[in-house]
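Please read the structure below before turning to the comments.
Each value in this text was obtained by applying a stated rule to the coordinates, not by laboratory testing. The structure presented is a predicted model; accordingly, all values stated were derived computationally and were not measured. A quick note on method: Cβ atoms are made from the backbone with ideal geometry, for glycine too, and the neighbour counts reach across all protein chains shown.
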Amino acid sequence: MMKVRIERIVDEALDIRSFRLVRSDGQPLDSYEPGAHVDLTGPTGVTRQYSLCSPPQDRRAYLVAVKKEAQSRGGSLALHEQVEEGMELEMGAPRNLFRLDPTATEHVLFAAGIGVTPLLSMAYRLAESGQPYRLHYFARSPEYAAFSKLLADTFADRVQFHYGVEPGDMDAALTESLSQAGSAAHVYTCGPAPFMNKVVEVAARSRSDDFIHLEHFQADPATNAGPVGAFEVELASSGVVLHVPADASLVDVLQAHGCDIDTECREGICGTCIVEVLDGLPEHRDNCLSNKEKAGNKQICACVSRALSARLVLDL
């Protein structure tokens with residue numbers, strides 16, 4: 001973690017505020033790939049993950065945007081109500097589970113609400129590189145669309161706004177939007193879970209999972225539902241076998257036995273606690289690994305996921 005200073009705060013939309021962050025020691029920030037996020041610790045000591053939405057090549061400052069959630073547990077509410085310009089916060093280095101696919105020849109970005117943040121950094125990179133892309137931004141109304149003026153001014157004909165689309169009309173709107181792109185275009189989406197699920201459903205009609213990319217801001221309760229059973233894990237480096245009871249998480253058991261595994265969200269979102277799997281069949285309950293990664297069964301998100309086989313062998 002490093003100390004950063006809030007250089008500027010801007011109200012970008014109703015209940016969405018952006019924070020421009022610079023290093024307190026005046027040094028340049030790390031470069032990052034579009035789609036990255038950082039851990040930011042607010043004044044209440046709560047750490048949350050926020051997508052970087054500044055131009056990725058700009059190392060002078062990072063920009064994050066935060067939506068004030070009605071059911072905030074101290075993260076977004078504190079950033080909206082307790083911080084001021086000039087205050088210092090603690091921030092981690094950028095991490096990325098939501099990258100632009102380097103093999104793609106065309107990109108279609110679907111954002112809803114605050115989900116525009118990681119896609120904004122992607123738009124900067126795509127515009128800079130000259131690759132074909134289009135950003136579709138869905139919001140309740142213009143008042144709820146963050147960075148709408150920036151998008152309209154900077155990306156002009158590459159952005160299309162969709163306001164007030166009812167749930168029953170979303171399938172048709174997404175189908176029409178996707179029809180404007182080529183069949184080889186990769187799809188990226190971020191926003192509320194029902195919106196992303198619909199984007200994935202529509203996109204899957206015309207392309208494989210490898211062409212569909214998404215990032216979650218919140219855990220999907222349905223993903224972590226179902227029975228919880230005990231299982232064993234073997235540490236490949238030592239051969240030690242650990243028992244994971246039904247009422248304990250894998251990461252808690254590993255940490256209790258001295259394994260150095262970092263955690264942040266503990267909801268299967270941030271990917272901090274991902275561990276390599278050498279043998280056995282994981283039961284994936286996370287929202288950070290892609291469908292392709294889950295199908296490969298070579299990684300496990302240790303904070304929420306479990307095992308379908310009696311034992312997992314981990315690269316620890």
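General remarks:
- Residues of type aspartates and glutamates that Lys294 reaches as a straight line, Cα spacing below 15 Å, ignoring anything fewer than 8 places off in the same chain: Asp209, Asp210, Glu215, Glu276, Asp279, Glu283, Asp286
- For the chain, the longest principal axis of the alpha carbon atoms and the long axis of helix 193-203 meet at an angle near 80°.
- Summarising the overall dimensions of the stretch 231-314 from its C-alpha atoms, the Rg and Dmax are 11.5, 31 angstrom.
- Backbone N within the stretch 260-281 under 16 Å of label point (7 Å from Val240 Cα along the Cβ vector): 260-262
- In the chain, the DSSP-assigned H stretches of four residues or longer account for a calculated mean residue ellipticity at 222 nm of -5500 deg cm²/dmol, using -39500 (n - 2.57) per stretch and the full residue count as denominator.
- Taken over the stretch 107-215, the alpha-carbon convex hull comes to 91 cubic angstrom per residue.
- All C-alpha to C-alpha distances of the stretch 2-91, sorted into 10 Å bins beginning at zero, yield P(r) values of 18, 56, 25, 2 percent in whole numbers.
- At full extension, Gln57 and Glu7 could sit 16.2 nm farther apart than now, given 0.36 nm per residue minus the alpha carbon distance.
- Counting only Cα atoms, the chain measures 59, 49, 36 Å along its principal axes, largest extent leading.
- Angle in degrees between helix 116-129 and the longest Cα principal axis of the chain, rounded to the nearest 10: 70 degrees
- Net dipole in debye of the chain [+1 Lys, Arg Cβ; -1 Asp, Glu Cβ; about Cα centre; nearest 20]: 380 debye
- Only lysines eight or more places from Lys3 in sequence, or on another chain, were considered; those with a Cα closer than 27 Å are Lys67, Lys68.
- Principal-axis tilt of helix 170-179 within the chain, Cα atoms, nearest 10 degrees: 80 degrees
- Those residues of the stretch 1-29 whose amide nitrogen sits under 20 Å from the label point placed on Ala70, 7 Å along Cα→Cβ: 13-17
- For Thr189, nonlocal amide neighbours, meaning residues 5 or more places apart or on other chains whose placed amide H falls under 5 Å from its own, are Phe110, His213, Leu214, Glu215.
- Estimated distance in nm for a label pair at Leu308 and Ala230, the labels positioned 7 Å out from Cα along Cα-to-Cβ: 2.3 nm
- Computed FRET value (nearest 0.05) for Glu293 with Ala248, which takes r as the C-beta separation and R₀ as 30 Å: 0.75
- Within-15-Å neighbourhood charge of Asp169 [Cβ basis; K, R +1; D, E -1]: -2
- Under 5 Å between amide hydrogens, built in the peptide plane, is the criterion, and for Glu283 it picks out Arg306, Ala307, Leu308 among residues at least 5 positions away or on other chains.
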